[in-house]
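The values are calculated or read from the model by the stated rules, or taken from the named source; none is laboratory data. All values derive from a computational prediction rather than experimental measurement. Note that each Cβ is placed from the backbone with ideal geometry, even for glycine, and that neighbours are counted across all protein chains shown.
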Amino acid sequence: MMRRLLLVAIAALALAGAAAWFARTALREPLSLPDSGYVLEVPAGASLRSVVLRLKEEGVLEHPRIVLAYGRLTGLAAGIKAGEYLVPAGTTPMALLRQLVEGKVRLHALTIVEGWTTHDLLRAVHRHPAIRASEPGQADAALLAAVAGGADHPEGWFFPDTYRFARGTTDREVLQMAYERMKTVLERAWAGRSAGLPLRSPYEALILASIVEKETGLDRERSRVAGVFVRRLQAGMRLQADPTVIYGLGGNFDGDLTRRQLAQDTPYNSYTRTGLPPSPIALPGESSLLAAVHPDESEALYFVASGEEDGSHVFSATLREHNAAVRRYLAMLKEDSK
């Protein structure tokens with residue numbers, strides 16, 4: 001009798017050991033995932049049981065009961081967080097459970113491009129599949145005001161960069177990230193500005209930076225362009241910047257700036273008005289912001305496109321030099337059109 005009980009006990013221990021080994025193996029065996037990974041949506045309030053059963057149905061997880069038992073035994077089952085998860089190939093059930101508990105959700109990205117206007121920004125935000133409207137049907141002006149309520153005009157106040165966020169992040173939250181970043185970068189640039197600038201506030205630096213942003217796409221030229229405009233402001237000359245005129249035309253600009261439009265007075269027409277326009281005309285990047293507060297110290301008062309493929313410009317200190325550069329540019333255009 002004792003021998004039989006001993007054999008039964010040994011068999012039970014062996015079975016328990018085998019079960020424990022099997023469970024450990026099952027928890028450490030990679031899930032059945034494609035090489036590109038697997039996107040797992042965990043709704044708010046979902047239990048670990050519902051998650052593992054869905055993974056079983058989709059052929060991802062072979063032993064859901066073992067994962068559920070492990071989760072309950074360790075207390076992890078109650079700690080999973082809702083969200084969208086990207087589960088890479090090679091992930092084990094144990095690693096997935098840790099990912100769910102730590103809330104390591106999949107991050108999406110939105111890149112705000114230098115030189116965009118707020119109209120371009122809002123269009124990109126509204127079209128992004130992972131961003132939800134904070135207040136469906138809310139007018140764009142109200143949305144911008146909710147984020148940049150302290151600004152006189154929302155244009156220019158959103159820093160161009162790539163922002164990452166979880167699915168379900170609201171439009172207001174994304175815009176808030178860009179707004180706060182712009183305030184930080186602008187404040188830092190203004191604090192380190194060169195002496196003697198004809199700019200009275202960080203906001204005026206933002207306005208100038210937006211014009212620089214639209215005038216050249218070359219980082220090496222930005223301080224030179226800023227220098228031209230700074231010297232014009234100091235001399236009481238009009239800026240005569242085509243991008244400000246175009247911004248003031250709004251939807252009336254069809255891509256071809258005419259002499260009549262250059263003479264059409266708007267608050268943004270820097271051919272008809274002196275000084276800076278009333279607001280930025282685009283979203284400037286950091287290089288344009290730094291150029292606005294650290295303009296070059298040459299004598300150039302004019303610039304015109306060089307006609308080269310790199311989009312560079314010719315800078316001149318006198319009107320005579322500038323007119324000669326314009327004639328060369330027009331001749332180049334004429335030659336290229338043949």
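Residues in the stretch 282-319 that are outside any helix (DSSP H, G or I), under 30 Å from TYR179 (Cβ atoms) and either among the hydrophobic types (A, V, I, L, M, F, W, C) or in contact with a His (Cβ under 7 Å, 6 or more places away or on another chain) (or both): ALA282, LEU283.
Of all the criteria given as (1) at pLDDT 95 or above; (2) crowded, with 21+ Cβ neighbours inside 10 Å; (3) closer than 25 Å to ALA292 by Cα, the one not satisfied by ALA148 is (1).
Yes/no matrix, rows are residues, columns are (1) outside the structural domain of TYR85 (by TED's automatic domain parsing); (2) closer than 30 Å to THR216 by Cβ; (3) aromatic (Phe, Trp, Tyr):
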residue: ALA124; (1), (2), (3): yes, yes, no
residue: GLU135; (1), (2), (3): yes, no, no
residue: GLY149; (1), (2), (3): yes, no, no
residue: GLY156; (1), (2), (3): yes, yes, no
residue: TYR163; (1), (2), (3): yes, yes, yes
residue: ALA178; (1), (2), (3): yes, yes, no
residue: PRO202; (1), (2), (3): yes, yes, no
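Put simply, of GLY255, GLY250, GLY217 the only residue that is part of a helix (DSSP H, G or I), surrounded by fewer than 19 Cβ atoms within 10 Å (Cβ to Cβ) and not assigned by TED's automatic domain parsing to the domain that holds THR117 is GLY250.
Inside the stretch 292-334, residues that are among the acidic types (Asp, Glu), in contact (Cβ under 8 Å) with a residue 40 or more places away in the chain and surrounded by 13 or more Cβ atoms within 10 Å (Cβ to Cβ) make up a count of 1.
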